[in-house]
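Colleague: Handing you this structure, nothing more for now.
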């Protein structure tokens with residue numbers, strides 16, 4: 001009996017923790033009297049559907065299963081329909097957050113699907129596997145009740161001749177009973193490792209499916225430590241914790257942070273999603289002492305509008321969050337990623353712009369501007385009509401209009417998001433954007449006007465090189481901020497070399513031959529260093545905002561960009577002013 005677990009990821013670098021966890025759990029606990037083989041097939045949404053269909057068909061599964069999320073459900077449903085035409089005798093089961101709610105509607109829409117595994121899946125998947133394996137078994141008697149009929153399996157919905165059957169909900173699983181699923185670490189080379197030390201969330205944010213979890217559970221710390229040590233010893237580049245609020249338990253978070261600090265291999269990075277306002281002084285002091293790059297933190301803010309925060313049932317002390325983020329940044333050893341969501345209740349265009357400016361002022365390493373996704377099963381989904389909320393009918397169910405925000409305003413925010421990704425989150429224009437901000441009333445206005453310029457000139461939806469992006473920024477500045485152009489001509493050159501020793505020199509940059517003697521003196525290891533001449537002094541890395549344009553100096557000075565010594569947080573080159581050495 002071959003059970004084929006299909007995962008379709010957003011990118012190759014991602015891995016699907018769910019299917020590996022299902023496989024590991026079933027392999028540990030299945031009844032050895034039963035014939036059972038569980039195989040994983042991992043693909044991405046960038047694969048052609050025909051190639052995925054071919055892979056599944058050639059695997060010759062006896063039962064086919066799909067892991068379903070908002071980013072892959074369109075691919076999954078099309079594959080189900082096409083595969084069922086080829087192999088109508090093969091039962092097809094689905095699971096995951098995208099199909100765990102409104103299961104009867106889903107089964108009616110897709111008659112090719114045999115059943116749905118609802119919610120937490122490890123034990124449910126094991127019992128479904130044993131049910132099918134028992135049908136092929138030569139053993140006359142199986143002492144497992146659920147092996148005889150599907151109705152004995154909790155947490156599923158399936159079709160029968162007289163309709164759809166939904167069985168009882170399954171109680172939450174003991175997290176420590178789930179086996180470690182990364183024993184074959186070589187299968188995850190060049191991919192992100194996803195790991196969970198807890199499930200559930202103590203908070204009840206209305207847009208999040210974690211709010212419907214019945215119980216917050218933690219994996220045994222002894223197990224967690226042994227598994228993290230495995231990653232550390234194998235020198236895994238990144239381990240991304242998927243715990244919804246990692247620091248909701250002070251003792252749990254401290255134990256793990258202390259452990260990775262004590263066993264730091266100088267390579268592995270650990271990513272955590274946290275609530276910054278929950279961090280206490282003990283945690284902040286520990287974090288401040290970590291190796292730069294050991295930890296990165298994702299901090300959900302979502303909005304700074306008090307009415308919005310109250311309406312979405314979010315627990316957050318904004319002033320404390322700001323203080324904590326500022327404190328984290330002082331040590332310059334942790335990459336901080338902050339999130340905002342557009343389209344939430346009671347958030348209109350003006351209040352969202354204010355939320356953006358307020359959080360942007362903190363100058364996080366990344367500021368992710370997302371758009372509300374009205375997820376099935378969430379409180380937001382149940383109350384969408386109350387908010388006059390319109391959202392897309394297919395995944396990812398992104399909001400299009402609310403009582404407070406119309407579609408045209410959302411389109412403006414989308415322009416801001418596009419420009420934010422290119423010119424801020426990319427980290428490729430760090431100095432330039434700090435300087436350009438001085439010419440606008442607010443960062444939100446700057447990014448909006450830049451996005452409208454892109455749209456007017458027909459630059460949207462096109463692939464541009466870094467130098468071309470720089471040229472477009474200069475075009476924009478000549479119209480919107482002409483006084484800044486002389487400074488930007490230099491700051492863009494600075495930014496280009498800050499990130500890499502570029503092969504193609506921008507057309508407005510001075511001829512390198514003018515300081516070739518200095519270059520020969522200080523660039524003796526080839527492309528690993530670069531010398532550039534400047535007449536403006538630019539803000540240092542720890543200067544997060546500037547109030548006015550830098551002033552041109554009477555004499556030039558020279559900067560050495562050293563690519564052998566990069567900043568561990570943003571990977572920019574180390575910078576030295578040569579004039580100080582002479």
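The values are calculated or read from the model by the stated rules, or taken from the named source; none is laboratory data. From a predicted model like this one, the values you see are computed outputs, not experimental measurements. Note that we place each Cβ from the backbone using ideal geometry, even for glycine, and neighbour counts take in every protein chain shown.
Colleague: Check every one of the strands (runs of 3 or more DSSP E) wholly within segment 1-68 and list those with 3 or more residues that are out of contact with any helix residue (DSSP H, G or I) (no Cβ under 7 Å at 6 or more places or on another chain).
Modeller: Here the list reads 37-44.
Colleague: The conditions are (1) modelled with pLDDT under 95; (2) outside the structural domain of residue 563 (by TED's automatic domain parsing); (3) at negative phi, and residue 502 fails exactly one of them. Which is it?
Modeller: Condition (2) is where residue 502 drops out.
Colleague: So, in segment 539-555, of the ones that are out of contact with any helix residue (DSSP H, G or I) (no Cβ under 7 Å at 6 or more places or on another chain) and outside any strand (DSSP E or B), which residue ends up surrounded by the fewest Cβ atoms within 10 Å (Cβ to Cβ)?
Modeller: This residue is 547.
Colleague: Let me ask another. Grab the helices (runs of 4 or more DSSP H) fully contained in segment 191-292, keeping just those with 3 or more residues being in the same structural domain as residue 323 (by TED's automatic domain parsing) and under 29 Å from residue 119 (Cα atoms).
Modeller: 221-233, 250-262
Colleague: Scan segment 272-292 for residues that are in contact with a strand residue (DSSP E or B) (Cβ under 6 Å, 6 or more places away or on another chain) and surrounded by fewer than 20 Cβ atoms within 10 Å (Cβ to Cβ) and report the count.
Modeller: Looking only at that region, the number is 1.
Colleague: Would you mention how many residues in segment 430-453 are assigned to a loop (DSSP other than H, G, I, E, B), over 19 Å from residue 486 (Cβ atoms) and in contact (Cβ under 8 Å) with a residue 12 or more places away in the chain?
Modeller: Here the count works out to 1.
Per-residue answers, yes or no, for (1) at pLDDT below 95; (2) farther than 21 Å from residue 570 by Cα; (3) over 37 Å from the mean Cα position of the chain (by Cα):
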site: 489; (1), (2), (3): no, yes, no
site: 521; (1), (2), (3): yes, yes, yes
site: 524; (1), (2), (3): yes, yes, yes
site: 531; (1), (2), (3): no, no, no
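Colleague: Just to confirm my filter: which strands (runs of 3 or more DSSP E) fall fully inside segment 321-429 and include at least 2 residues that are more than 17 Å from the chain's Cα centre (by Cα)?
Modeller: In segment 321-429, the matching strands (runs of 3 or more DSSP E) lie at 399-401.
Colleague: Any idea which of 532, 514, 490 is assigned to a helix (DSSP H, G or I), crowded, with 19+ Cβ neighbours inside 10 Å and in contact with a strand residue (DSSP E or B) (Cβ under 9 Å, 6 or more places away or on another chain)?
Modeller: Exactly one of 532, 514, 490 is assigned to a helix (DSSP H, G or I), crowded, with 19+ Cβ neighbours inside 10 Å and in contact with a strand residue (DSSP E or B) (Cβ under 9 Å, 6 or more places away or on another chain), namely 490.
Colleague: I need the full set of residues from segment 556-582 which are free of Cβ contacts under 8 Å to residues at least 24 places away in the same chain and either assigned to a loop (DSSP other than H, G, I, E, B) or farther than 25 Å from residue 514 by Cβ (or both), in order please.
Modeller: 565, 566, 581, 582
Colleague: Would it be correct to say that residue 133 is touching a strand residue (DSSP E or B) at 6+ places or on another chain (Cβ under 7 Å) and in contact (Cβ under 8 Å) with a residue 12 or more places away in the chain?
Modeller: Taking the combined requirement at face value, the residue does not satisfy it.
Colleague: Any residue in segment 303-331 that is within 20 Å of residue 354 (Cβ to Cβ) and not assigned by TED's automatic domain parsing to the domain that holds residue 368 sitting within a Cβ distance under 7 Å of a residue that is at pLDDT below 95 and assigned to a helix (DSSP H, G or I)? List the pairs, counting only those 6 or more apart or interchain.
Modeller: none
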